[in-house]
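Q: Input: one structure, supplied below.
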Amino acid sequence: MNNFDFQNPTRLIFGKGTIAKLGTEIPSDKRIMVCFGGGSAKKNGVYEQVKNALSNHFNIEFWGIEPNPDYDTVMKAVTLARDNKINYLVAVGGGSVIDGTKFIAHAIPYTGEDAWELAIHPEKITKTTPLATVLTLPATGSEMNYRGVLSRRRTQEKVSFITPKSSPQFSILDPEVTYTLPKKQLSNGIVDAFMHIMEQYMTTTGNGILMDRWAEGVLLSLIEIGPKVLENQKDYDTMANFMLCASMALNDFVSMGVPQDWATHRIGYELTVLYGLDHAETLAVVYPSLLRVLKKQKTEKLAQYAERVWNITTGSKEEKADKAIEKTEEFFRQMGLRTRMSEYGIPAEAVDIIYNRLKAHNIAYGENKNVTAEVAREIYTGCL
Ligand code: NZQ
Ligand code: ZN
């Protein structure tokens, strides 16, 4: 087991009617800016609940943080916050609104010329503005982690900024707010959460007995509830379990002392930046091919995953690994996502376009740092 240093300071306030607690959890003298996405919160009553909860606080609103939050959008929020002397932020939305708000929190006190610096060098983040979230879309785990992902469309970049300063102080998770999610976002959320576990689990065997069992527990739960979520998203317990799975999938509870991969996430960003795929759509396309390309390196763990998660008990380790990869791709498709670039109309030339971009950054991803641009090209060729 590797050395590790674990802390997760985010408090979870979970259950029906909990948005009302927002007002009592934030000190009454705080000047709050509430950040929203494109309008779903107004349609489903979340906005009203948030406003009622904050009726005794000074608060202003910022609307328009888009999916894959854009640097230029969030910088408008930074100006608004500075003009109004804001000293507390509340993000109301999915991963995009939360990540965008995390960046706003860091950029408000930043005195340097160009705040994009903070996205690419998060170690420069020394001061931040406290923040809380009201989660409306289970998927990214951003509500209980210190990660953020920011895009800058004008330069075709998407980067993740990871800093302990990004942890929300608390997050409110009311499963009832998920009843209005479009089917596509449910599919995305299940696959994203599943993939967060895989990125922390699908490496080597033998060094994290407890971590493996926890990770497999979340995978099994997602496989069990995924079809139910798609069938009946108004079943409270189903959605509550989905919400909890997504938070637990990326809050460091399954990554203590174990190696991590993350190559699929990192090389998948290219498909969002260049071809506009949703985050989870990129993962469903890239991952089956990545597993096929890196099968030799991951055979032992794939065989363990095959046995414990998919109940594949016959055949050699290689055969079990092959079947587990098939099962994984089938699961993504069962959840309603496509797993080939051609199904999105992405042409074969994309492989070289992406290769050249990754080559320019001299990438080396994965638990063994061997997913270079050349390996990524092979992976992308495999998912045409
Ligand atoms: O903008 P509004 O109108 O609110 O609509 C949103 C948006 O269009 C809608 N939505 C959210 N809650 C809803 C709802 N519609 C109806 N009812 C509700 N209750 O859903 C759409 C998608 O929202 P978005 O926040 O973009 O989705 P998601 O949570 O999947 O976030 C994706 C972003 O998170 C990043 C991704 O790269 C992407 O930028 N990630 C962040 C991570 C992190 N911080 O740890 C890790 C992930 O791997 C991921 O990279
Ligand atoms: Zn993800």
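Values quoted throughout were computed directly from the atomic coordinates according to the rules given, and no laboratory measurement underlies them. Just so it is clear, the model here is predicted, and its values are computed rather than measured. Here Cβ is always computed from backbone atoms with ideal geometry, including for glycine, and neighbour counts include all displayed protein chains.
Q: Sticking with the crude label model, points 7 Å out along Cα→Cβ, report the distance from Ile60 to Asn232 in nm, one decimal please.
A: 4.6 nm
Q: Could you give me the radius of gyration and the Dmax of segment 150-196, taking only the C-alpha atoms into account and expressing both in angstrom?
A: Rg and Dmax of segment 150-196, Cα atoms, are 14.7, 38 Å.
Q: If Lys and Arg each add +1 and Asp and Glu each add -1, what is the summed charge of the other residues whose beta carbon sits under 12 Å from the beta carbon of Pro288?
A: Residues close to Pro288 contribute a combined charge of +2.
Q: So, with +1 on the Cβ of K and R and -1 on the Cβ of D and E, and no other charges, what is the size of the charge dipole of segment 183-381 about its Cα centre, to the nearest 20 debye?
A: 180 debye
Q: Same structure again: Measure nothing but the geometry: give the 0 to 90° angle between the long axis through the Cα atoms of 317-334 and the longest principal axis through the Cα atoms of the chain, rounded to 10°.
A: Here the helix axis deviates by roughly 40 degrees.
Q: If you project the alpha carbons of the chain onto the principal axes, what extent comes out on each, in Å, largest first?
A: Result for the chain: principal-axis Cα extents of 64, 46, 44 Å.
Q: Using each residue's phi in segment 72-89, evaluate 6.51 cos²θ - 1.76 cosθ + 1.60 at θ = phi - 60° and report the 3J(HN,Hα) Karplus result to the nearest Hz, with x for Gly and Pro.
A: Running phi through 6.51 cos²θ - 1.76 cosθ + 1.60 with θ = phi - 60° gives 5, 5, 5, 5, 5, 5, 5, 4, 4, 5, 5, 4, 9, 6, 6, 10, 7, 10 Hz.
Q: Now a separate question. Let me check against my output: what whole-number percent is the relative contact order of segment 110-189, with C-alpha pairs under 8 Å and at least 6 apart?
A: 35 percent
Q: Ok, one more. Where does the charge balance sit around Leu250 when Lys and Arg score +1, Asp and Glu -1, over other residues with C-beta under 9 Å from its C-beta?
A: The answer is -2.
Q: Using a simple charge model, +1 on the beta-carbon of Lys and Arg, -1 on the beta-carbon of Asp and Glu, nothing else, what dipole does segment 1-134 show about its Cα centre, in debye to the nearest 20?
A: 620 debye
Q: Can you give the charge dipole size of the chain about its Cα centre, rounded to the nearest 20 debye, using +1 on the beta carbon of Lys and Arg and -1 on the beta carbon of Asp and Glu?
A: 420 debye
Q: Mind checking the angle between helix 263-275 and the chain's longest principal axis? C-alpha axes, 0 to 90 degrees, to the nearest 10.
A: Approximately 70 degrees, to the nearest 10.
Q: So if the hydrodynamic radius of segment 11-177 is defined as the Kirkwood radius over C-alpha pairs, what does Stokes-Einstein give as its diffusion coefficient at 4 °C and 1.567 mPa s, in µm² per second?
A: 83 µm²/s
Q: Can you tell me, using C-alpha contacts under 8 Å and at least 6 residues apart, the relative contact order of the chain as a whole percent?
A: Worked out over the chain, it gives 15 percent.
Q: If I fit a long axis through the Cα atoms of helix 183-201 and take the longest principal axis of the Cα atoms of the chain, what angle between them do I get, 0 to 90°, rounded to 10?
A: That works out to roughly 60 degrees.
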